[in-house]
Amino acid sequence: MSDTWSLASAARGVIIDPEPSADGLAIRGGRVGVSHWRAQTWERICTGWWVKMTATTLGIGLFFLAYFWVMRHPRFVPSVVPAIWLDHAIGFEPAALPVYFSLWLYVSLAPALLKNLTELLRFGVASVLLSLTGLAVFLFWPSRVPDFGVDWTRHPSIQFLKTVDVAGNACPSMHVAFAVFAAIWLHQVLIEMAAPTTLRWINGIWCLAIVWSTIATRQHVVYDVLAGAALGIAFAWPQWRSARMRGRPPSAR
């Protein structure tokens with residue numbers, strides 16, 4: 001399967017090893033060996049880009065279809081997830097909306113940088129299982145955030161979001177679940193590429209910013225965030241552990 005995935009790169013005179021080398025992905029050209037993270041980034045993006053783009057677009061689209069269907073067909077009356085002191089301490093911030101929407105760019109980064117079809121399938125299967133788990137909770141245990149007393153007519157962009165994303169799919173926060181899930185996958189990819197520590201910090205900060213935005217836009221409360229983070233970790237952690245073990249020498253395994 002990895003060999004098939006590498007055909008596109010081979011056509012360009014570049015072969016991508018199915019397994020990472022000690023310093024990340026080994027990319028070999030016809031005359032010059034390249035292992036620098038910038039070169040790896042470009043080669044990873046170009047390898048099977050059309051498969052990655054199609055799979056990511058379809059995946060997000062199908063998730064939204066299922067998400068809104070479940071939201072409009074709850075089995076029970078949604079319960080209210082209570083706010084705690086931290087929700088009020090964070091406060092309402094309309095400027096957080098662009099950060100909130102940046103999730104859909106953020107979740108596409110990890111699959112774009114995967115180096116073979118096997119990894120893309122693992123990512124896809126884990127994403128589907130995460131989605132099905134969250135949607136099952138929404139269907140049988142619907143929930144909504146409390147009324148924070150905000151006059152939404154003064155904030156048209158967020159009022160539109162509230163109109164579209166009605167009560168029912170609050171806890172766990174799938175926004176946070178996918179942000180944490182993507183952050184763990186992207187962190188592992190950056191390690192394999194031997195990318196600078198700065199990029200790993202940016203990855204973590206972006207994830208935390210998205211988590212913050214879910215509360216700042218009053219789409220979720222802290223309990224939703226904690227449940228969503230746990231869900232994201234549950235489906236990303238096994239792959240992260242597996243990747244760590246594959247990177248160890250046989251004696252250490």
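Brief remarks follow.
- Within the shell defined by Cβ-Cβ distances under 12 Å, the residues around Thr214 carry a net charge of -3, with Lys and Arg each +1 and Asp and Glu each -1.
- Here r is the Cβ-Cβ distance between Ala89 and Ile205 and R0 is 22 Å; the resulting FRET efficiency, rounded to 0.05, is 0.65.
- Remark: spin-label model distance Ser79-Leu226 equals 1.5 nm, labels positioned 7 Å along the Cα→Cβ axis.
- For the pair Ala66 and Ile45, the difference between a 0.36 nm per residue extended length and the Cα-Cα distance amounts to 4.7 nm.
- For Ser143, the residues whose modelled amide H falls within less than 5 Å of its own, excluding neighbours fewer than 5 places apart on the same chain, are Ser79, Gly168, Asn169, Ala170, Cys171.
- Accessible area of the stretch 55-168 belonging to carbon and sulfur atoms, whole % at 1.4 Å probe: 72
- Solvent exposure ordering (accessible area, 1.4 Å, most first) of Cys207, Cys171: Cys171, Cys207
- The convex hull of the Cα atoms of the stretch 26-185, projected and averaged over all directions, covers 11.6 nm².
- Estimated translational D of the stretch 99-237 in µm²/s (Stokes, Kirkwood radius over Cα pairs; 37 °C; 0.692 mPa s): 208
- Rg and Dmax, both from the Cα atoms of the stretch 143-189 and both in Å, are 14.5, 43.
- Sorting the segments 134-147, 110-123, 215-228 by their mean number of nearby beta carbons within 10 angstrom, highest to lowest, gives 215-228, 110-123, 134-147.
- Applying 0.36 nm per residue to the separation of Leu132 and Trp152 and subtracting their alpha-carbon distance, the gain on full extension is 4.1 nm.
- FRET efficiency estimate (nearest 0.05) - Cβ-Cβ, Ala234 to Ala194, R0 25 angstrom: 0.35
- Stokes-Einstein, applied to the Kirkwood radius of the stretch 36-90 over Cα pairs at a viscosity of 0.890 mPa s and 25 °C, places its translational diffusion at 157 µm² s⁻¹.
The values are calculated or read from the model by the stated rules, or taken from the named source; none is laboratory data. Note that the structure is a prediction, hence the values are computed from the model and not measured. All Cβ positions, even for glycine, are placed from backbone atoms using ideal geometry, and neighbour counts span all protein chains on display. Side chains included, ligands, DNA and RNA excluded: accessible areas come from the protein's heavy atoms. Shrake-Rupley method; radii C 1.70, N 1.55, O 1.52, S 1.80 Å.
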